[in-house]
Amino acid sequence: MYYRCYICHKPPRGFCWLDPNRFQSSENRRASFKRFCSKTCQDIHYQLHRKGVDVNRTDLEQKAAESVLAPLADYVMAVGMEKGLGSYSKDEIIGLVDTVLESYHCTLQELYKDEVPF
Ligand SMILES: [Zn+2]
């Protein structure tokens, strides 16, 4: 079982989904169980499932990873280009990680929204 948000990979926060079709095997039904970080991601999954859209997660994840580059560059420039990563303070490293994760998650949510017209 996957213990991350099925859409954006953030930690789940109590939003779930289970295929309501009771005429399938219990194994398939159990496999349909998904966890989500928010109502937004839950809705995205519901709309995709309703439309029968099978999204290639690898392509979207790759796009989300590439989208991190610009915010990461902005952050590094704000800290100082002459400063090496080994010289970063703990707070600067945490800021860097937050910048990357926030950009990745937000972009992934936006990409999935593009797949669903709602
Ligand atoms: Zn999510």
Relative contact order of the stretch 1-54 (C-alpha contacts under 8 Å, at least 6 apart) in percent is 40
Set 10/63; 39/63; 39/90; 10/90; 34/90, cut-off 27 Å on Cα-Cα distance; pairs above it are 39/90; 34/90
So, relative contact order of the chain in percent, Cα under 8 Å, 6 or more apart, is 29
Over all Cα pairs of the stretch 56-118, the Kirkwood radius sets Rh, and Rg/Rh then becomes 1.10
Rounded to the nearest whole number, the per residue volume of the convex hull around the C-alpha atoms of the chain in Å³ is 127
In the stretch 8-93, the chymotrypsin sites (Phe, Trp or Tyr not before Pro) that sit in a DSSP loop and have at most 13 other Cβ atoms within 10 Å of their own Cβ are 23, 33
Residue-normalised 222 nm signal for the chain, counting each DSSP H run of n ≥ 4 as -39,500 (n - 2.57), nearest 500 deg cm²/dmol, is -18000 deg cm²/dmol
Once the dipole of the stretch 1-54 is set up from charges on Cβ (+1 Lys and Arg, -1 Asp and Glu), the residue from the list 25, 8, 38 lying farthest towards its positive end is 38
Taking every other residue with Cβ under 11 Å from the Cβ of residue 43 and scoring Lys and Arg +1, Asp and Glu -1, one gets +3
proj_area_mean for the stretch 25-91 (convex hull on C-alpha atoms), units nm², value 7.8
Among 62, 42, 24, the residue with the largest mean-square fluctuation in a Gaussian network model of the chain built from Cα contacts under 10 Å is 24
In whole percent, the fraction of accessible protein surface over the stretch 56-118 that belongs to carbon or sulfur atoms, probe radius 1.4 Å, stands at 59
Summed over the other residues with a beta carbon less than 12 angstrom from that of residue 79, with K and R at +1 and D and E at -1, the charge totals -3
Long-range alpha-carbon pairs in the stretch 1-54, meaning those over 19 Å apart, account in percent for 26
Contact order relative to length for the stretch 56-118, counting C-alpha pairs under 8 Å separated by 6 or more residues, stands in percent at 56
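The values are calculated or read from the model by the stated rules, or taken from the named source; none is laboratory data. These numbers were taken from a predicted model, which means no experiment stands behind them. Cβ: placed from backbone, ideal geometry, glycine included. Neighbour counts: every protein chain shown. With ligands, DNA and RNA removed, areas are computed over all heavy atoms of the protein, side chains included. Shrake-Rupley method; radii C 1.70, N 1.55, O 1.52, S 1.80 Å.
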